[in-house]
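Here's the structure we're looking at; comments come further down.
The values are calculated or read from the model by the stated rules, or taken from the named source; none is laboratory data. Computed from a prediction, not measured in an experiment: that's the story for all the values here. Every residue, glycine among them, receives a Cβ derived from its backbone with ideal geometry; neighbour counts consider all protein chains shown. Side chains included, ligands, DNA and RNA excluded: accessible areas come from the protein's heavy atoms. Shrake-Rupley method; radii C 1.70, N 1.55, O 1.52, S 1.80 Å.
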Amino acid sequence: MPTVASSTKKKRSGTKPRRTSGNPAKRPVIEAGPVTFGEWVGAARLRTLPLAVAPVVLGTAAAQVTDHALHWVLALACLAVAVLLQIGVNFANDYSDGVRGTDARRVGPARLTASGRVPAKHVLITALVFFALAAVAGLAIVVRTQQWWMLLVGAACIVAAWFYTGGRRPYGYNAMGELFVFVFFGLVAVLGTTWVQSFALPLEAWLAAVAAGLFACAVLLANNLRDINQDREAGKRTLTVLIGRRATQSLYTVLVIVPFLIAAVFALLLYPVAWMSLLVLLAIIPAILIVWTYRAPGELVIVLSLTSLSSVGYAALIYWALVA
């Protein structure tokens, strides 16, 4: 075997293997071969995109409660903003975590920056391009609705997207990720979508915003639970790192159950079709079981997919309930 022969040769010559210096968690994992288009697509983390779609579906449903017409052009523009921002966030996280060395030992799919096969500046440029495209779509909405104050909301979204893992003091490294995700993926995304289509914020919009935010927080918790050991070694103080594995499992369970309590409120108020959202429990219950019984961190990748897809399935059924 070549490795044995190499080892024997080193012993005979009296040479010692050279030690590597520095924090092993911060050494990039170099992979051979050029990066394929599929890997670029993978870096966009498509499994997270349902979290961008769900708030727009829920916000559009709430808008139709007060304005029964479907403003499909505005709805599609809101969808474009949400999806483009999500992709931009994913590339920005790839860049920021990669240059910090946080991703060197991650369990999930490999990142572009951490792999060493793509220059970090190329990943950064890609993130900025998607942020710019989201800004253009957002500007179109503002021009169409004449709600110029929403330019500040859009700017806040981009700033929050960048400083999740970017900058000197990223809030995602200080147990604030879930709070910001709830605000921007829940309240801002749903209420903003509702407002630009109806210029009103009914109770339905607020309830839907809470549900969307909780699903997004649950996905982030599952992601951080998967990476808890690597994040602790890299000095990334996520909420999961601070409260520990057991508390994170409990919190995840609460976050994915509460949206169905909200659906029950919808059903008991005026929208009995909302009971149909309970069908999504067919995906959520397995996700909960995996969270509580997993043995290898890689198993939690399934939880990420199930929770993310559940958010858009839930949104679709609530949309049906509100507009039926």
> Evaluated at 25 °C with a viscosity of 0.890 mPa s, what Stokes-Einstein diffusion coefficient in µm²/s does the stretch 35-168 have when Rh comes from the Kirkwood expression over alpha-carbon pairs?
Replying inline: 154
>> Output the 0 to 90 degree angle, nearest 10, between the alpha-carbon long axis of helix 2-13 and the longest principal axis computed from the alpha carbons of the chain.
In response: 40
> Over all Cα pairs of the stretch 193-234, how is the pair count split among 5 Å bins, expressed in % and running from 0 up to the last occupied bin?
Replying inline: 5, 20, 16, 14, 11, 10, 8, 8, 6, 1
>> Keeping every protein chain present and rolling a 1.4 Å probe, give me the accessible area per residue for the chain in Å².
In response: 48
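Suppose only helical runs count, i.e. DSSP H with n ≥ 4. What mean residue ellipticity at 222 nm does that imply for the chain under -39500 (n - 2.57) per run, divided by all residues and rounded to the nearest 500 deg cm²/dmol?
-22500 deg cm²/dmol
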> What is the helix-to-structure angle for 120-145, meaning the angle in degrees between its Cα long axis and the longest Cα principal axis of the chain, kept from 0 to 90 and rounded to the nearest 10?
Replying inline: 10
> If you keep only loop residues by DSSP, which trypsin sites (Lys or Arg not before Pro) in the stretch 164-251 have at most 10 other Cβ atoms within 10 Å of their Cβ?
Replying inline: 168
> Taking a quarter of the surface of the Cα convex hull of the chain, what do you get in nm²?
Replying inline: 19.0
>> Against the empirical 2.2 N^0.38 Å scaling, what ratio does the C-alpha Rg of the stretch 169-226 come to?
In response: 1.26
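What does the charge add up to near residue 308, with Lys and Arg as +1, Asp and Glu as -1, over the other residues with Cβ less than 11 Å from its Cβ?
+2
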> Could you sort 270, 221, 278 by accessible area so the largest value comes first, with the probe set to 1.4 Å?
Replying inline: 270, 278, 221
> Tell me, what is the FRET efficiency for residue 136 and residue 289 to the nearest 0.05, using R0 = 45 angstrom and their Cβ-Cβ distance as r?
Replying inline: 0.55
>> Could you sort the peptides 294-300, 56-62 by per-residue average Cβ neighbour count (10 Å cutoff), highest mean leading?
In response: 56-62, 294-300
>> Please list, by residue number, everything in the stretch 43-66 whose backbone N is under 13 Å from a paramagnetic label point 7 Å out along Cα→Cβ of residue 323.
In response: 56-66
> Put a dot 7 Å past each Cα toward the Cβ at residue 242 and residue 149; how far apart are the dots in nm?
Replying inline: 3.1
> Ratio of Rg to Rh for the stretch 214-324, alpha carbon only, Kirkwood?
Replying inline: 1.05
>> Given axes a ≥ b ≥ c from the Cα gyration tensor, I'd like to know whether the stretch 175-262 is rounded (a/c under 1.5), prolate (a/b larger than b/c) or oblate.
In response: prolate
